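Here the structure is laid out as structure tokens; the discussion comes afterwards.
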Amino acid sequence: MPTSAKHHKQQRTQLIRILFFLFLFCNVFSLQAQNIAEQISEDTTRMNLYTGRAFGKNIMFTDTSGKKISLAAFQGKVCYIDLWFVGCAPCANEIPFWKQRFDHFAGDTNLAFITIAIPVSKQHAGWRRYIRDNQIPGIHLTIAPELLKTKTAAAIAKALLTDEYPSYYILDKNGLLAGNKVSIPSDKLITDYILYNALKSVAPSKSYVEIHSELSRVNSKTASPAFVSWVESFYKKPFMGALSEALQ
């Protein structure tokens, strides 16, 4: 059974909660600051792994209609990719937040939300029904059946750079990996900021550092005007209200 992304999610959730605590109470301790800095460094190092590499180049997929398709079909768009499998509890937990991210970018034809169901569980045959029943938005793919005749699902997952589920990736408009195991949908504000900037060809790791820098400056009321403007414009709410809601 594949490893879940529970550990990384717990780390990220803890990081967000610490930042929110600092945001509310302005109580910055040097040890906490050091822990946050170390976690951010670890996360950005992971995001930068394999950047510039062709992602899934030699892998053929099928969509929900059975049509064969490769990720090359999405060149010209930034892609936010979710690797998951049927029966994965952490994957299911992210569905409501995936829907939120999708809705926030609705209408932007330059960004594609793509899920790839990896056939590593006995329930995989029902992946189409699972997507339909849970009303998961986006473009939905799985590994082409003929490819599974020559490669195991585990080998294909390795070729897709994952050993845990769910895992999220960002591809640039050339189909190259821009961010490896980037922020998960439930990271809300952080993920929105990364995706927004990815559309402007900003590396996810750079956006990740920027957003945490901005959040650390909120208490001292030194958040940049550009960040305040982005939050209010993107969420269509006053800055403090939007920020509080997005960090909960």
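Computed values, structure above
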| quantity | calculated |
| --- | --- |
| Pair list, Cβ < 7 Å and 6+ apart or interchain, from region 207-229 residues that are more than 20 Å from ASN48 (Cβ to Cβ) to residues that are among the aromatic types (Phe, Trp, Tyr) and modelled with pLDDT under 90 | LEU215/PHE23; VAL218/PHE23; ASN219/PHE23 |
| Condition met for ASP43 (over 20 Å from the mean Cα position of the chain (by Cα), surrounded by 11 or more Cβ atoms within 10 Å (Cβ to Cβ) and modelled with pLDDT of 60 or more) | no |
| Extreme residue, modelled with the lowest pLDDT, among residues of region 207-236 that are surrounded by fewer than 15 Cβ atoms within 10 Å (Cβ to Cβ) and outside any helix (DSSP H, G or I) | SER220 |
| Boolean, ILE114 is under 27 Å from SER65 (Cβ atoms) and either over 15 Å from the mean Cα position of the chain (by Cα) or not β-branched (Val, Ile, Thr) (or both) | no |
| Filtered residue count, region 117-156, keeping only those that are in contact with a Ser or Thr (Cβ under 7 Å, 6 or more places away or on another chain) and without any contact (Cβ under 8 Å) to a residue 60 or more places away in the chain | 5 |
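The values are calculated or read from the model by the stated rules, or taken from the named source; none is laboratory data. The shown structure was predicted, so the numbers you read here are calculated from the model rather than taken from an experiment. Backbone-built Cβ (ideal geometry, glycine too); neighbour counts: all protein chains shown.
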